[in-house]
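Trainee: Quick one: the structure is below, questions incoming.
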Amino acid sequence: MGNQVEKLTHLSYKEVPTADPTGVDRDDGPRIGVSYIFSNDDEDMEQQPPPQGSDGGGGGGGLPDGGDGPSLPPPQPYDPRLHEVECSVFYRDECIYQKSFSPGSAALSTYTPENLLNKCRPGDLVEFVSQAQYPHWAVYVGNFQVVHLHRLEVSNSFLTDASQGRRGRVVNDLYRYKPLSPSAVVRNALAHVGAKERELSWRNSESFAAWCRYGKREFKIGGELRIGKQPYRLQIQLSAQRSHTLEFQSLEDLIMEKRRNDQIGRTAVLQELATHLHPVEPDEGDSDAARTTPPPGRPPAPSREEEEDREAVVHRRGS
């Protein structure tokens, strides 16, 4: 009988080993990092919250029609500065990704799908965003169409359909790798249309779209060995003067964490970090209450889905 491994869930920041909270690296000992083993496409596995104002069930608890109870506030327009986390990604000392809300920057402005079409060129990376949802990435291939990884399948869709009503933007400049030519980006995307499940080499839409544009194996499942010192750092900007750094053994793991931050939102991320940086003092006799790192020498066990994905990757590499 083989061992049965339950699917891993994400740890809160209080449980995550990190670098120095001030963001300053120290050389006085080994640096403890973090490496995650995740299941497949996060944006499809997660339950999305119901829209505001939707009826949550039967009629018993609601106000009768025409009642004088408080009405729900109208939905606010999406503002990246309020909902998204400002961050940078480093591979060793090289900055390979940066999302910045510096004054005067319009790079992260969002548009309706219809207006976004006027700004897209073949080979562009497109990101659709909405509050409390994972960002969805796609490759614009021309003729109003995109190729994207959605529900464990690479699909060719009209941009307006792929957006699912979300606002979007062109995000060619977030990653700082040298891009392939637009024609090569489009070829990479179209060549994988129809790939699904175990044929896939990417965990989410962002990794697939970025691989199409930059062609780097680091975006693929198992593209890097998780051994030795963690070479990737995710630097989260807490304020103009303060940042917090998490370390990872692969870009694949880091992207999953970055996407989770976008899904839960800036406020929740800052609250988690505040709890982690200023933990509650343990009660007497509770020796485990202040523990923030897992026991040494016990890496997380892979989920069944990841083991199957890695087997598929090994077969593809051998071909």
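Trainee: What number of residues within the range 142-160 are of a type outside the set (A, V, I, L, M, F, W, C), surrounded by fewer than 14 Cβ atoms within 10 Å (Cβ to Cβ) and on the phi < 0 side of the Ramachandran plot?
Mentor: 0
Trainee: Taking the criterion of being in contact with a helix residue (DSSP H, G or I) (Cβ under 6 Å, 6 or more places away or on another chain), touching a residue at least 12 places away in the same chain (Cβ under 8 Å) and open to solvent by 40 Å² or more (accessible area, probe 1.4 Å), would at least one residue in the range 199-215 satisfy it?
Mentor: Within the range 199-215 (the criterion being in contact with a helix residue (DSSP H, G or I) (Cβ under 6 Å, 6 or more places away or on another chain), touching a residue at least 12 places away in the same chain (Cβ under 8 Å) and open to solvent by 40 Å² or more (accessible area, probe 1.4 Å)), the answer is no, since none of the residues qualifies.
Trainee: In the range 116-138, which residue that is under 14 Å from Tyr78 (Cβ atoms) and of a type in the set (S, T, N, Q) is least open to solvent (accessible area, probe 1.4 Å)?
Mentor: If we take residues in the range 116-138 being under 14 Å from Tyr78 (Cβ atoms) and of a type in the set (S, T, N, Q), then Ser130 is least open to solvent (accessible area, probe 1.4 Å).
Trainee: So Arg167 passes all but one of these: (1) at positive phi; (2) buried (at least 17 other Cβ atoms within 10 Å of the Cβ). Which condition number does it fail?
Mentor: Just one mismatch for Arg167, condition (1).
Trainee: Give all pairs with beta carbons closer than 7 Å in which a residue from the range 163-187 that is without any contact (Cβ under 8 Å) to a residue 24 or more places away in the chain meets a residue that is open to solvent by less than 60 Å² (accessible area, probe 1.4 Å); count only pairs at least 6 apart in sequence or on separate chains.
Mentor: Listed by first residue and then by second, the contacts come to nothing, as the list is empty.
Trainee: Which residue, of Gln271, Gln235, is open to solvent by 30 Å² or more (accessible area, probe 1.4 Å), at pLDDT 95 or above, of a type outside the set (Lys, Arg) and over 25 Å from Leu180 (Cα atoms)?
Mentor: Gln235
The values are calculated or read from the model by the stated rules, or taken from the named source; none is laboratory data. Please read all numbers here as calculations on a predicted model, not as lab measurements. Ideal geometry is used to build each Cβ from the backbone, glycine not excepted, and the neighbour counts take in all protein chains shown. For the accessible areas, the whole protein counts, side chains as well, though only heavy atoms, and no ligand, DNA or RNA atoms are used. Shrake-Rupley method; radii C 1.70, N 1.55, O 1.52, S 1.80 Å.
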